[in-house]
1. Can you list the aspartates and glutamates whose alpha carbon sits under 15 Å from that of residue B:81, skipping same-chain ones fewer than 8 residues off?
2. For residue B:254, what residues show an amide H to amide H distance below 5 Å, using hydrogens built from the backbone and excluding near sequence neighbours?
3. Of all the accessible heavy-atom surface of chain A, with the other protein chains kept in place and a 1.4 Å probe, what percent is carbon and sulfur?
4. Can you list residues whose amide H is under 5 Å from residue A:194's amide H, if they're 5+ apart or on another chain and H is modeled 1.01 Å from N?
5. Taking a temperature of 4 °C and a viscosity of 1.567 mPa s, what whole-number D in µm²/s does Stokes-Einstein yield for the range A:93-249 with Rh from Kirkwood over alpha carbon pairs?
6. Averaged over all directions, how much area does the convex hull of the C-alpha atoms of the range B:196-337 cover when projected, in nm²?
7. To the nearest 20 Debye, how big is the dipole of the range B:275-320 about its Cα centre, given +1 on the beta carbon of each Lys and Arg and -1 on that of each Asp and Glu?
8. Using 10 Å bins from zero, what percent of all Cα-Cα pairs in the range A:14-382 falls into each bin?
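The values are calculated or read from the model by the stated rules, or taken from the named source; none is laboratory data. Because the structure is a prediction, the values reported are computed rather than measured. So basically every Cβ, Gly included, is an ideal-geometry build from the backbone, and we count neighbours across all protein chains shown. What goes into the accessible areas is simple: the full protein's heavy atoms, side chains included, and nothing from ligands, DNA or RNA. Shrake-Rupley method; radii C 1.70, N 1.55, O 1.52, S 1.80 Å.
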Amino acid sequence: MNDNQKSFWTPGNVLTAFILAGGLVLTFLRFYKGIGAVTNLDDNNPWGLWIGFDLMCGVALAAGGYVTSASCYLFGLKHYHSAVRPAITTAFLGYFFVVVALLYDLGHPWRLPYPLVLSQGTTSLLFEVGLCVATYVSVLFIEWSPAALEWLGFRKIRNFVIKLTLPLTILGVVLSTMHQSSLGALFVIAPGKLHPLWYSSFLPVFFFISSMVAGSSMVIFEGTLAHKGLHHKMDETHLKEAEGVAFGMAKAASFILMGYFFIKLFDITMDDDWQYLATGYGAWFLVEIFGFVLLPSFLYALGVRERNMKIVRIASVFGVLGIVINRFNVSMIAFNWQLPAAERYFPNWMEVGISIFIVTVIITTYRFIATKMPVLYEHPEYKDAH
Amino acid sequence: MHRRKFLSLLGGAGLASAMGATKAKAGGGTHTFKGYPDAMGVLHDSTRCIGCRKCEQACNEVNNLPKPSAAFDDLTVLDTKRRTDAKTYTVVNKYNTAGLEHPVFRKQQCNHCQEPACASACFVKAFTKNPDGSVTYNGDLCVGCRYCMVACPFSVPAFEYDDPLDPLVQKCTMCHPRIQEGKLPGCVEICPKEALTFGKREDLLAIARERIRKYPDRYEKHIYGETEAGGTSWLYLSPVPHAELGMPVVGKTSAPELTSGALGAVPMVVGIWPVLLAGAYGISKRKEKIAAEERAEAVKDAVNATKAEADGALKAAMEKADKEKAAAVDREVKKAVAEAEKAFEEKLAAAQAPADEADAGETPEEEA
Amino acid sequence: MEHIYYTLHQFMLHTKSITYVLMGVALVSFVGYWLFLTGRDEKMRKY
């Protein structure tokens, strides 16, 4: 991190160190005193922020990996090539830390492999999610490994892995389709608990379609951040292609959001949920649909038409926030909506602390990888990569 | 162009799988499942329940649960709404409903669904629907994900949040071990008012219908649990609409029926996605190849054109050069002729003057 | 099927378990079959 001659203790790094230290304390509390000691979870609200944010949002926002690699390798959008590695890196880190975060939430974290190796509950959507996420983390690790292998100089293995790109990309899209949608399908089993405006037998479709928006928005959003912090690590190709990638992703996200808006509309119509729109939940639903689906869609369109990166970046912030709001709504805000206010869930500050800790670990690891390994630039000895 | 294809392919497949989902709703297709023929159950008749909390006490004792802070004969706890938790498998709540001068009591515990949502949701098969009708839990398998709690339409399973080492899900077992021994469930055995009846679910349904038929004024015309969540082993009769006793409004669809659509879409994705994606890959490769060929063709044309142009220029240059050469020769010849004439004239003049040099007509050698 | 399933859950547990195994088989065979299918194509550059 101290690759430029400045002192290691920059304000950013001090804050990072502070969060990491605090996170370790909370981690100790969680595993020493139990879930109840650090969370506001109870028997009515078994899933909170760690599922709603760390798992639901984590997986959705890591969708950039499959979106980018599929565009580049399967759909022939060659100019996305320089964006693939950063996206795969983020996706791998995202998924890896989703699994890490899950260990906090599970009562018996060390039993996490049980569904895969000991007792397969195949009727559970969660089994499907677990199987896919486990497989996909492995796939992402292999897809990402050339960056590390080039850094370490293992040419032979690296060349072998590169040969696997096509089947791995296809497998990645298959697995992503399955578990992104299954995350939504988790709630299909609870029609009585999730508010009708959000409940739908098409929840898996909604989750899958919006994961594409999450993926492309995140690629743009991260690109913005990376350009601020890691500009010096980017090679000419990356810098040259970055705008094209952003505009392409923006165009895609804009159109997908429009489609997403309509399938939501159809769903409300088919279930005849109109009467709920006049309630408080209805107002909140409209905020989500107009403020975080239609608005980013129009902003993206505007940015693309005007070739204005600034608008595209603002749109990406709305896109990312929209995904977070949607996942929060389904897993927390509109879940258990019929319970009286006193029995509803609101996260404990320590739950929030653990989530911030996990995000900080991800960012720190990304910075480390992007500084050391050929992610934002091509390794001079491996120019054959495309 | 690519982008649009990308979208339509993805969207098409997603919607197709969802359509598969709705079609597959029936789950077993033509199969029907009636549940275990000898499944037992319990009928709770709230018109008979007096809220004595004896069932809570018996439950606590037969399950060796820790003693609660308030004694079981303390009926003031009925004034606050309670739910089951990891140390309490059953609770009785009091409801003062309009139109009745006495309160109505509702007993809560696991309803032991015919198609248990917890078992359907559990990804390690920790829950089992037993042939005796009870739904039991195996803590040795439990990962502690608490999806069963999310899935349960009656919010029954509870979790030991305060145990850092071995936190488990807890709920009523319908006294499965006692039933195996030929005994009654603890709560049923102790009930002093026969508000609880244990028996075959089929028989209990008949009894409940009979009571409604005999005393239509006393009962709400609905047996809660007959169809709720696909049917439950526990059945309830009430003098008021069940919703007024805080019973959750639960549809008829059982948990496995709810999820079968989404589950059925998974193999469809596995089967169709690689085909579509390989197709998209093939198309983009083919386009690339065509583009490459077109590019090669264009390059060839360009080369040819350039070559032709170059040839033309060369030819013109050559012609020009030839012309110039000819002109130069001409010029030189003329020049030489002129010089020769001049020389001749001079010589002639000189010859005319002092002497004659007759042979002066020699032409100069060509140099060009 | 000689085994009788009394609940839809049991039935699904049975069928889905087999389906999951077959899904794995499908994914592997897709790769093999693709290689067989395109084996005689002129050599394309793979990534």
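1. Within the straight-line limit of under 15 Å, residue B:81 reaches these aspartates and glutamates: A:43, A:343, B:56, B:244.
2. B:230
3. Carbon and sulfur atoms account for 71 percent of the accessible area of chain A.
4. HN-HN under 5 Å from residue A:194: A:336.
5. Estimated diffusion coefficient is 71 µm²/s.
6. 18.7 nm²
7. So the magnitude is around 200 debye.
8. 5, 23, 33, 26, 11, 2, 0
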